[in-house]
1. Obtain the nm distance between the two label points defined at L82 and S115 by a simple spin-label model: each point lies 7 Å from its Cα along the Cα-to-C-beta direction.
2. Whole-Hz ³J(HN,Hα) for each residue in segment 100-110, computed from phi via Karplus 6.51 cos²θ - 1.76 cosθ + 1.60 with θ = phi - 60°, x for glycine and proline: what do you get?
3. Excluding residues fewer than 8 places away in the same chain, name every one of the aspartates and glutamates whose C-alpha is closer than 16 Å to that of K3.
4. Per-residue counts of other Cβ atoms within 10 Å, averaged by peptide: what ranking do you get for 94-102, 115-123, highest first?
5. Can you give me the long-range amide H partners of G83? Hydrogens built in the peptide plane at 1.01 Å from N, cutoff under 5 Å, separation of 5 or more residues or another chain.
6. Which FRET efficiency value, to the nearest 0.05, is calculated for N130 and E94 with the Förster distance at 35 angstrom and r the Cβ-Cβ distance?
7. If packing is taken as the average number of other Cβ atoms within 10 Å across a peptide's residues, how do 75-83, 4-12 rank, most packed first?
8. Report, by chain and number, residues whose modeled amide H sits under 5 Å from the one on T120, excluding near sequence neighbours (fewer than 5 apart, same chain).
Amino acid sequence: MRKFKVYVNGQPFEVIVEEVNGQGVAPTASPPPSPASAPQQKTPVAAAAPAPATPQAAPAPEVKSGAGGDVAIPAPMPGSILGIKVKVGDSVNEGDTLVILEAMKMENEVVSPASGVVKTINVAVGASVNTGDVMMVLG
């Protein structure tokens, strides 16, 4: 048996893994003792999900600014702009791809969080962005 400490959402759990007949492992977990002497309960450890085969669209956080209800589209992660799929004046729907952002050698689609018209584009192909940099504004 091997004992590990695993953190889930910032909460530590002690996990004991036991090999069963060389066939695999049977995980068990229990939360650490609390100072209030609360009863302990067993928490199963979920298996890790397999990595997706195709790149997923990066969710673009929505930031409201200005009195007109403009929506700023910030970069969800640091990276380089590979492509801009819209131009100023284009109408976009929620979920439309706006920008292709390369981060960690993966192409990520930044999608529109709302419907609107592209008011400004603040980046160019090849530009580097940091997390939170406003790439464009929808009106």
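Each value in this text was obtained by applying a stated rule to the coordinates, not by laboratory testing. On a predicted model such as this, the values are computed, not experimentally measured, just so you know. Positions of Cβ are generated from backbone atoms using ideal geometry, with glycine treated the same way; all protein chains shown enter the neighbour counts.
1. The two pseudo-label positions are separated by 3.0 nm.
2. 9, 10, 8, 9, 6, 6, 10, 8, 10, 8, 9
3. Excluding near neighbours in sequence, the set is E14, E18, E19.
4. On the way: 94-102: 17.6, 115-123: 15.9.
Taking the mean over residues of other Cβ atoms within 10 Å, the ranking is 94-102, 115-123.
5. Residues meeting the criterion, in which the H sits 1.01 Å from N, are I100.
6. Numbers: r = 25 Å, r/R0 = 0.72.
Calculated value: 0.90.
7. On the way: 75-83: 17.3, 4-12: 9.4.
The peptides rank, most packed first, as 75-83, 4-12.
8. The answer is V137.
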